[in-house]
Amino acid sequence: MALLLRLLILATPFGVPGAGLAQAGPPQLPPPRPDRPAPPAGELDQKAGGGEQQTVPVAEADEACLERLGKLGVTFEKRPAVQENSCRISSPVSVSALPNGVEVAPASLMECSYAEGLARWVAEVVVPRAREHLQSVPTKLLIGTAYQCRDQRAGSKLSEHAFGNSVDVMGFEFDKHPPLTIGFQTEGSPEATFQTAIQKEACTIFTTVLGPGADDDHGDHLHLDARARKGDYRICQ
Ligand SMILES: [Zn+2]
């Protein structure tokens, strides 16, 4: 009789009161449950991953750049991407100070990667050369033009200013030296040596450096841009 009951219970599709079966059932059920949602979730993840593959690296690159700016000691604000006719900045930052507390006056809009170059120029070139030749450190970088949606001065190509990839440096202020305006400096003076050095060495960081001596347009400022050219070709004048 007991055997018959067991057979009946086993044969019953919905194990009813069969305590043994009821316990055997659930332990088997849970595993498939987590497994079942998993495949669709996996598919979704793959789809999402595939869709994001084009955007994530850019966003990650932006984030990495912003992180590097912070580590370099740059004071900046992240700004929304700029798109104005053919002018654009994909990862804009408004920079108000560079390493060593050098103030950027006025605060200027530029591409994050460009800000990195500007920060390096100030930290690796301007500060040490000012110490060396002027026995002083810069406190302020005077900016003429940073981002500007306009054509290149000579030619039809858009200026790097239109991509947040350039600033025009008009001069500097120092802690223990009178302000220096980019332009003609008395030959052989510490100011002339300083200006020549920072202009020349800017070309290790930027791809275009135009300043006094380059042409009539650049007699009163240093134009520093990061235009990408074939074969890392640079213009340094
Ligand atoms: Zn310029």
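Just so you know, all these numbers are worked out from the coordinates, no wet-lab data involved. Predicted model, so just to flag it, every value in this text is computed and none were measured. Heads up, the Cβs are rebuilt from the backbone with ideal geometry, glycines too, and the neighbour counts pull from every protein chain shown.
Results, tabulated for the structure shown:
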read-out	value
Long-range amide H partners of residue 227 with built H, under 5 Å	207, 208
Gain upon complete extension [residue 135, residue 220; 0.36 nm per residue less C-alpha separation]	28.3 nm
Sequence of 157, 140, 200 once ranked by neighbouring C-beta atoms within 10 Å, starting from the fewest	157, 200, 140
Residues 136, 189, 90 arranged by fewest to most Cβ contacts within 10 Å	189, 90, 136
Pairwise FRET efficiency - residue 105 versus residue 71, Cβ, R0 = 22 Å, nearest 0.05	0.40
Sequence ranges 220-231, 176-187, 114-125, ranked by mean other-Cβ count within 10 angstrom, highest first	114-125, 220-231, 176-187
Gyration tensor (Cα) of the stretch 60-236, equivalent ellipsoid semi-axes in angstrom	25, 20, 14
Fewest-first ranking of 210, 134, using other Cβ atoms within 10 Å as the exposure measure	134, 210
Long pairs among 78/176; 78/140; 71/140; 140/200; 78/200; 157/200, criterion Cα-Cα beyond 27 Å	78/176; 78/200
Distance (nanometres) between label positions extended 7 Å along Cα→Cβ at residue 85 and residue 232	3.5 nm
Globularity ratio of the stretch 49-145, using Cα Rg and 2.2 N^0.38 Å	1.24
Unit charges on C-beta of K, R, D, E only; dipole of the stretch 60-236, Debye	240 debye
